[in-house]
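Engineer: Here's a structure for you.
The values are calculated or read from the model by the stated rules, or taken from the named source; none is laboratory data. Computed from a prediction, not measured in an experiment: that's the story for all the values here. Cβ: placed from backbone, ideal geometry, glycine included. Neighbour counts: every protein chain shown. Surface accessibility is based on the protein's heavy atoms, side chains included, excluding ligands, DNA and RNA. Shrake-Rupley method; radii C 1.70, N 1.55, O 1.52, S 1.80 Å.
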Amino acid sequence: MSDTLGWKEDDSQAFLAYGDLFVPERERQIDCIVRLIPSLGPDHTVLELACGAGGLSEAILARRPDCRVIGLDGSAAMRAASAERLARFGDHFTTASFALEASDWRGAYANLTAVVSSLAIHHLNGPQKQTLFADLYKLLAPGGVLVIADVVEAPSPEIAALYADQWDAEVRRRAEGPGGDPAAYAFFVREGWNMYRFPDPTGMDQPSPLADQLEWLRAAGFSAVECCWALAGHAIFCGRRPLEAS
C-alpha cells in the first residue's frame, strides 16, 4: 500500500495489532491460497503484493520450503514486521517497497510461479485493476497462478446489509474466542472498519463486483478462473496462465 491510495502508517499499526482478528476465517483463507499455488520447479518464486505482517508468506514458506517469496509493501512498519517474522527462512524471504498503483515495479519480475495478494487490490479502481491483472499475467510462468483474497462490491443494498452483519459477527466471534482480544471488536466498531456498514467517504476503498473481476481476469488471458471461497463480502478468486502449446 502507499500514501497515494490513502493508507497511512496509523492504519498499518492498527492492522498489525488486530488484522488477524478482522479478517473472516483468516486461517481458512490462508490455507486456500497456499493450496492453489502450483509446484513449477525446485526453485519457484512467489510474489506477494502488500505482504503486511507476513502471515501469508510465512504459511507459504512453511509448506513450500523449496520456494522463494518476495513480499512487497508500501508501509515501512509492515516490511519491518514481515522481515522479523520470517527471519528464520533466511534468503527464501525478501521484502521491498512498492506502490501498488504504480507500474515501475511490474517490470522487475518474470517467470513467477504465483502472485498472491490479500486485502489490497480493492484500493484500486476498476480500470486500474484491469491493467494490473493484464500486467501480472505477463509476470507469470506458463502454468503460474494469480490468487486474490479481497473484499468485493455488494451488488445490492440487501446483500451489503447481509455482508455487514456477517462481518460484524465474524470479528466478534474471533475477538471473543480463544486467543482473541475483546478490545479488537470494540476498535473495529468504533473506527468503522466494516465498509459495508460504514462506506468509506475518502474513496480509499474501491471494491469492484466479483463478477466483473472474474471477467477482467479472463480478458487478461487467464484460464481456470474461479471463486474458491467467500464470506462476509470477502472472496478468494484466481486464474491460471495457460501452459504454452508445444
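Engineer: Which ones in the stretch 112-137 are of a type outside the set (A, V, I, L, M, F, W, C) and touching a helix residue (DSSP H, G or I) at 6+ places or on another chain (Cβ under 8 Å)?
Structural biologist: Step one: filter the stretch 112-137 for residues of a type outside the set (A, V, I, L, M, F, W, C), giving 113, 117-118, 122-123, 125-131, 135, 137.
Of everything in the stretch 112-137, those that are of a type outside the set (A, V, I, L, M, F, W, C) and touching a helix residue (DSSP H, G or I) at 6+ places or on another chain (Cβ under 8 Å) turn out to be Ser118, His123, Gly126, Lys129, Gln130, Asp135, Tyr137.
Engineer: Also, I was wondering about something else. If Gly233 satisfies every condition in (1) in contact with a strand residue (DSSP E or B) (Cβ under 6 Å, 6 or more places away or on another chain); (2) open to solvent by 60 Å² or more (accessible area, probe 1.4 Å); (3) closer than 22 Å to Leu124 by Cβ; (4) of a type in the set (Gly, Ala, Ser) but one, which is the exception?
Structural biologist: All conditions are met except number (2).
Engineer: Another question about this same structure. Which members of the stretch 160-213 meet the condition of being of a type in the set (Val, Ile, Thr) and without any contact (Cβ under 8 Å) to a residue 24 or more places away in the chain? First the steps, then the outcome.
Structural biologist: Residues of the stretch 160-213 that are of a type in the set (Val, Ile, Thr), as a first pass: 171, 189, 202.
Val189 - this is the single residue of the stretch 160-213 that is of a type in the set (Val, Ile, Thr) and without any contact (Cβ under 8 Å) to a residue 24 or more places away in the chain.
Engineer: Provide a single number: the residues in the stretch 56-73 that are closer than 21 Å to Gly19 by Cα and either modelled with pLDDT under 95 or open to solvent by 30 Å² or more (accessible area, probe 1.4 Å) (or both).
Structural biologist: Selection size over the stretch 56-73: 2.
Engineer: Moving on to the next point. Taking the stated definitions as given, is Gln213 assigned to a loop (DSSP other than H, G, I, E, B) and surrounded by 13 or more Cβ atoms within 10 Å (Cβ to Cβ)? Lay out the reasoning, then the answer.
Structural biologist: Values: assigned to a loop (DSSP other than H, G, I, E, B): no; surrounded by 13 or more Cβ atoms within 10 Å (Cβ to Cβ): yes.
Spelling it out, it is not the case that Gln213 is assigned to a loop (DSSP other than H, G, I, E, B) and surrounded by 13 or more Cβ atoms within 10 Å (Cβ to Cβ).
Engineer: With respect to the numbered conditions (1) open to solvent by 50 Å² or more (accessible area, probe 1.4 Å); (2) out of contact with any helix residue (DSSP H, G or I) (no Cβ under 8 Å at 6 or more places or on another chain); (3) modelled with pLDDT under 95, which one is the sole condition not fulfilled by Glu9?
Structural biologist: Answer for Glu9: the failing condition is (2).
Engineer: Within the stretch 236-246, take every residue that is open to solvent by less than 10 Å² (accessible area, probe 1.4 Å) and not β-branched (Val, Ile, Thr) and give me the one that is nearest to the chain's Cα centre (by Cα).
Structural biologist: So the first thing to find is which residues in the stretch 236-246 are open to solvent by less than 10 Å² (accessible area, probe 1.4 Å), and the list is 236-237, 239.
From what is left, the residues that are not β-branched (Val, Ile, Thr) are 237, 239.
On the way: Phe237: 10, Gly239: 14 Å.
The selected residue is Phe237.
Engineer: Tell me yes or no: at least one residue of the stretch 182-203 is in contact with a Cys (Cβ under 8 Å, 6 or more places away or on another chain) and either under 29 Å from Lys138 (Cα atoms) or open to solvent by less than 40 Å² (accessible area, probe 1.4 Å) (or both). Let's see the steps before the verdict.
Structural biologist: Taking the stretch 182-203 as the starting set, the residues that turn out to be in contact with a Cys (Cβ under 8 Å, 6 or more places away or on another chain) are none.
There is no residue in the stretch 182-203 that is in contact with a Cys (Cβ under 8 Å, 6 or more places away or on another chain) and either under 29 Å from Lys138 (Cα atoms) or open to solvent by less than 40 Å² (accessible area, probe 1.4 Å) (or both).
Engineer: Okay, next question. So which residues in the stretch 24-44 are among the polar types (S, T, N, Q) and buried (at least 19 other Cβ atoms within 10 Å of the Cβ), if there are any at all?
Structural biologist: The initial filter retains those residues of the stretch 24-44 that are among the polar types (S, T, N, Q), namely 29, 39.
The one that is among the polar types (S, T, N, Q) and buried (at least 19 other Cβ atoms within 10 Å of the Cβ): Gln29.
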